[in-house]
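The values are calculated or read from the model by the stated rules, or taken from the named source; none is laboratory data. The structure displayed is predicted, hence computed values, not measured ones. When we count neighbours, we look across all protein chains shown, and the Cβ atoms used for this are built from the backbone with ideal geometry, even at glycine.
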Amino acid sequence: MTNKTPRTGRRNERGGALVEFATVLPVFLIFLFGIIDFGFVFSQRLELLAGLRTATRDAAVASWTENASCSTGAADGTKDLICTVKAQFSNPVAVKVRLLDPDGGSPDYAVDNTLLVCVMEPTYSTTSFYSAVLDNHVQTGRMAVRVEKVHDSDTISEYQEPALTGGSWSFCV
């Protein structure tokens, strides 16, 4: 009679951890890259709204500054306002300026009329993992304020820059 080692019912599980790791890793990376990319997009959205709020407030109290290095096709005061808006952002943006009269009269740059500033900023994928979803899209923001003070020498008129690729000015009405 031979003396055999008794079987415990366990099979050789060598490599099992590697198989589990290979199964879980792709799902983990999808979540990780999603958190990174959409976190940056959310941060960009907050930056867009904060910059838009600051620039629009400056325009409402006529405290923008002249910027000779910035070029747009707009007239003096409108150009300076657009350049003030653009200075708030690290990415290239497109800007639209509208004037509204709450009484239905002539929309001009006057105290108690409404100034509407709209901005488009392109989104992008930081990790390139979600570039199919995020690239060629734009984030938009619009801010309306009552004009409290008009600028002494410059005036603002309606103006819009060309919309960015993947965007349209239809939100800015």
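Is it true that some residue in region 127-137 is outside any loop (DSSP other than H, G, I, E, B), crowded, with 16+ Cβ neighbours inside 10 Å and within 25 Å of the chain's Cα centre (by Cα)? Yes, some residue in region 127-137 is outside any loop (DSSP other than H, G, I, E, B), crowded, with 16+ Cβ neighbours inside 10 Å and within 25 Å of the chain's Cα centre (by Cα).
Can you tell me which residue within region 138-168, out of those that are outside any loop (DSSP other than H, G, I, E, B) and of a type in the set (D, E, K, R), is farthest from Phe33 (Cα to Cα)? In this case the residue turns out to be Arg146. Considering region 145-160, the residues that are exposed (fewer than 14 other Cβ atoms within 10 Å of the Cβ) and farther than 23 Å from Ser71 by Cβ include one that is modelled with the lowest pLDDT, namely Asp152. The combined condition, being surrounded by fewer than 19 Cβ atoms within 10 Å (Cβ to Cβ), out of contact with any strand residue (DSSP E or B) (no Cβ under 6 Å at 6 or more places or on another chain), touching a residue at least 12 places away in the same chain (Cβ under 8 Å) and more than 18 Å from Ala55 (Cα to Cα), is fulfilled by Asp101. Does any residue of region 70-79 turn out to be more than 26 Å from the chain's Cα centre (by Cα) and free of Cβ contacts under 8 Å to residues at least 24 places away in the same chain? Looking through region 70-79, none of the residues is more than 26 Å from the chain's Cα centre (by Cα) and free of Cβ contacts under 8 Å to residues at least 24 places away in the same chain.
One residue alone among Asp135, Asp108 is acidic (Asp, Glu) and farther than 19 Å from Thr56 by Cβ, and that residue is Asp135. Within region 111-139, the set of residues being in contact with a helix residue (DSSP H, G or I) (Cβ under 9 Å, 6 or more places away or on another chain), within 17 Å of Thr54 (Cα to Cα) and free of Cβ contacts under 8 Å to residues at least 60 places away in the same chain comprises Leu115, Leu116, Cys118, Met120.
When each of Thr8, Thr54, Thr72 is tested for being modelled with pLDDT of 85 or more and either assigned to a loop (DSSP other than H, G, I, E, B) or not hydrophobic (A, V, I, L, M, F, W, C) (or both), the lone residue that passes is Thr54.
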